[in-house]
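The values are calculated or read from the model by the stated rules, or taken from the named source; none is laboratory data. For clarity, every value in this text was computed on a predicted model and none was experimentally measured. A quick note on method: Cβ atoms are made from the backbone with ideal geometry, for glycine too, and the neighbour counts reach across all protein chains shown.
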Amino acid sequence: MAHILIVDDDDAFRESLAETLGDLGHAIAQASNGHDALALLAGGTRIDCMFLDFRMPDLSGIEVLERLRAMPARKALPVVVLTAFATSDNTIHAMRLGAFEHLTKPVGRDAIASLLARIEASNRGASRPPLPASNEASVDADTPRLLGNSEALRDAQKQIGRAAATDSTVLITGETGTGKEVAARVLHDASRRRHAPFVAINCAAIPAELLESELFGHAKGAFTGAVAQRPGRIVDANGGTLFLDEIGDLPLPMQAKLLRVIQERALTPVGSNADVPIDVRLVAATHRDLAAEVVARTFREDLFYRLNVIPIHLPPLRDRPDDILTLAMHFLAAAAHIGGPARNLSSDAGRRLLAYAWPGNVRELKNAMERVAALARGPLVTADDLVFLTAPRASTGEIPTALLDLPLPQAIERALQQTVGNRAEAARRLGISRQSLYTKMAAYKLG
């Protein structure tokens, strides 16, 4: 039996969760606000785990979590952060502060039981990793975002949040156009290095004969045309984050030199005998299968293991269909923000977007929305404006035609009427996840 503290200003949700946890055999304490929760935690009350609401009127869940981590006796307490509206920002911030998990309401009984089993197993194992200092900056409104609320993307957001609390090397994998550089920037901006430089280098875009000088710099006179000393991009990133995109395209000789930089935390400019110490956080990305490249001997095994300390995989857009319309509307709004006309999506345009395979992933969707923002014949984007989308239809999952036959709020109401309020069945008929349905209902103030 665990002693669990539930902190939530929603009385109905708090009581419901307390009943579920009680039925599972645990002892429950409750607090309706952050101040009461901190008072309980500061006292001698036994608390083995805490369920903490993200958004509360007095102290937010993040503020409670920050103060909790400053309590020596409580800093390792497992905390599950709950929110009705999961975003990239709050997911990453919660995980960066050492939350054990970040869940979107409502949470089913089986999921709670599984989560508590994981917490118990974790408590039996090694101690939790060091937490970031309390003065580390939080995510602000200018932070790049991995937009979307699908489970596949939220897994990546949680990994980024955990990685942001460390200086460990990160390897981001995913198909071309999935947003690997955006993920690297999100990671940088959530880390303690956010006020230092973020330097991005595309290893596939620089000719091999120039790459060493570009990365490591060169001494004056090192080669023809080297009329002055140049520090190189790695030194430019000192104190911050070095992002090496398409690391799988790095030539083998350069792989050996990069391995030395990672191991020695120093580099030698071209034409120099003097080592230059560096302090950078390395984030690499690739669309290639580096493990297969190692087997084929086109990528060094020792470098692969040095890079693959914290792996983060970004799912292709076809595996996160719930996010397609959200992203499309965001890109249309972004185009209008920089001076373009305001546009909206018609239901037939939405159907075409969801039916398309998106081989170029988020980048292709962004380009498509910029195109129709500029060229659509009216304020409402129609399927006729998207005739250039000709790739094969997506083969995974049922196309949510019910969602598109009506404006979204009416489609949700119709599905709920047809299923007599059964939200799980309504979500299935709409072709979206149950959590996506809850989010959309809250946004449109339905039910």
### Residues within the range 393-427 that are surrounded by 15 or more Cβ atoms within 10 Å (Cβ to Cβ) and at pLDDT below 70, tallied
7
### Message
I'd like to check something: does the range 309-327 contain any residue that is surrounded by 14 or more Cβ atoms within 10 Å (Cβ to Cβ), under 17 Å from the mean Cα position of the chain (by Cα), in a loop (DSSP other than H, G, I, E, B) and among the basic types (K, R)?
### Response
yes
### Query
Does A208 satisfy being touching a residue at least 40 places away in the same chain (Cβ under 8 Å) and buried (at least 17 other Cβ atoms within 10 Å of the Cβ)?
no
### Task
Hey, can you tell me all the residues within the range 1-46 that are buried (at least 19 other Cβ atoms within 10 Å of the Cβ) and touching a residue at least 40 places away in the same chain (Cβ under 8 Å)?
I4, L5, I6, V7, D8, L17, L21
### Query
Which residues, counting only those in the range 361-382, are touching a Ser or Thr at 6+ places or on another chain (Cβ under 7 Å), touching a residue at least 60 places away in the same chain (Cβ under 8 Å) and of a type outside the set (A, V, I, L, M)?
N361
### Selected residue (only one of F216, F198 is in the same structural domain as A256 (by TED's automatic domain parsing), surrounded by 17 or more Cβ atoms within 10 Å (Cβ to Cβ) and either in contact with a His (Cβ under 8 Å, 6 or more places away or on another chain) or of a type in the set (S, T, Y) (or both))
F198
#### Entry: A349 vs. criteria modelled with pLDDT of 95 or more, in contact with a strand residue (DSSP E or B) (Cβ under 6 Å, 6 or more places away or on another chain), crowded, with 20+ Cβ neighbours inside 10 Å and of a type outside the set (S, T, N, Q)
no
### Task
Identify, by number, the condition in (1) of a type outside the set (F, W, Y); (2) closer than 20 Å to A196 by Cα; (3) modelled with pLDDT of 90 or more that P231 doesn't meet.
(3)
### Task
Looking only at the range 68-95, count how many residues are surrounded by fewer than 17 Cβ atoms within 10 Å (Cβ to Cβ) and among the basic types (K, R).
2
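Here is a yes/no grid of residues against (1) at pLDDT 90 or above; (2) more than 14 Å from I324 (Cβ to Cβ); (3) in contact with a Leu (Cβ under 9 Å, 6 or more places away or on another chain):
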position	(1), (2), (3)
G339	no, yes, no
L365	yes, no, yes
M369	yes, no, yes
A374	no, yes, no
F388	yes, yes, no
### Message
Against the conditions (1) in a helix (DSSP H, G or I); (2) at pLDDT 90 or above, where does H330 fall short? Just the number, please.
### Response
(2)
